[in-house]
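S.K.: Structure incoming, see below.
The values are calculated or read from the model by the stated rules, or taken from the named source; none is laboratory data. The structure presented is a predicted model; accordingly, all values stated were derived computationally and were not measured. Cβ placement follows ideal geometry from the backbone for every residue including glycine, while neighbour counts extend to all protein chains displayed. Accessible surface areas use protein heavy atoms only, side chains included; no ligands, DNA or RNA. Shrake-Rupley method; radii C 1.70, N 1.55, O 1.52, S 1.80 Å.
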Amino acid sequence: MGDHNASDDGKSIWMRSNWTVCFQKTGWTWSDTKTIDFGAVQTGAPCPEEDGGAVPWPKMPDLVWKTWKTARKEVVDLGVPADHVLADTAYVNDTLPDEGDYDDWRVCVTDPSADSDVTLDAWVTLGLTDPRNGCPKSDREDGDRPSLPDRDDDGDPDYHDPFPGDRNRDSTFPNGLPRGSDGSGGSSGDDDWDWNCPHTRWC
């Protein structure tokens, strides 16, 4: 009795309990002893159409602009474990809210990309954005992750910044404490405090 990898990926069979038989072939030795040879793939992988062929892995669907909740379900339905499906932000200066609060956020980009093979050990990352934002252009040439507009340059994108035009507000102090000359929101000198600054809760 023998066995071999029934796919074209070149892996050797070890720990037979982790492999599933797709094909079997019987034969005879020169001494008229009957033989059988099993062609197998790793358990969980689909069988190729013919012995030695390519494994017909499921393909990553096009999930752009679907909600996180819908897209995640589609990926899990392909056989990817739920804890292998990760959420990230599509924009480098954005932040995901708490889990459960981004169920309606939209998918802009996926890794792996659409039409890629989704294999047994696949991890899938979905780049999300708040539905108030559009997705970044897919034809960017600089290779960098895009950023959302941030007019006051405090690290908080305008779409959820309560004070988008206040350049005196430091995002380290989300309640609007004015930025001091020491960069910490406070100041070593009273003259640097502007308690009449507009558009903050502290003024």
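S.K.: Which net charge results when you count Lys and Arg as +1 and Asp and Glu as -1 among the other residues whose beta-carbon is under 14 Å from that of Ala54?
M.R.: That works out to -4.
S.K.: Students often get this wrong: which residues of the stretch 25-45 have the backbone nitrogen under 16 Å from the point 7 angstrom along Cα-to-C-beta of Lys11?
M.R.: 39-45
S.K.: Using a 10 Å cut-off on Cβ atoms, rank the peptides 71-78, 19-26 from the highest mean neighbour count down.
M.R.: Details: 71-78: 17.0, 19-26: 15.0.
Descending mean neighbour count gives 71-78, 19-26.
S.K.: Need one number: nm distance between label points at Asn18 and His4, each 7 Å from Cα along Cα→Cβ, rounded to one decimal.
M.R.: 2.2 nm
S.K.: Now for a different question. Please list, in order along the stretch 83-91, the HN-Hα scalar couplings obtained from phi with the Karplus expression 6.51 cos²θ - 1.76 cosθ + 1.60 (θ = phi - 60°), rounded to whole Hz, x for Gly and Pro.
M.R.: Per residue, the Karplus-derived 3J(HN,Hα) values read 7, 9, 9, 10, 9, 9, 8, 6, 10 Hz.
S.K.: Modelled label-to-label distance, Asp77 and Thr29, 7 Å Cα→beta-carbon offset: nm?
M.R.: Label at Asp77, label at Thr29, 5.1 nm between them.
S.K.: When only alpha-carbon atoms count, how far does the stretch 1-118 stretch along each of its three principal axes, as whole angstroms with the largest first?
M.R.: If we take the Cα atoms of the stretch 1-118, the spans are 72, 23, 21 Å.
S.K.: Hey, another quick one. Distance between the C-alpha centers of the stretch 1-28 and the stretch 41-61? Whole Å please.
M.R.: Their Cα centres are 14 Å away from one another.
S.K.: Modelling each spin label as a point 7 Å along the Cα-to-Cβ direction, I'd like the Leu120/Asp153 distance in nm, to one decimal.
M.R.: Computed distance between label sites Leu120 and Asp153 equals 5.3 nm.
S.K.: For a protection proxy built on the mean count of beta-carbon atoms within 10 angstrom, sort 121-128, 150-157 highest first, please.
M.R.: On the way: 121-128: 18.1, 150-157: 16.0.
With the highest mean Cβ count within 10 Å placed first, the list reads 121-128, 150-157.
S.K.: In the stretch 57-160, carbon and sulfur make up what percent of the accessible area (probe 1.4 Å)?
M.R.: Heavy-atom surface of the stretch 57-160 belonging to carbon and sulfur, 1.4 Å probe: 46 percent.
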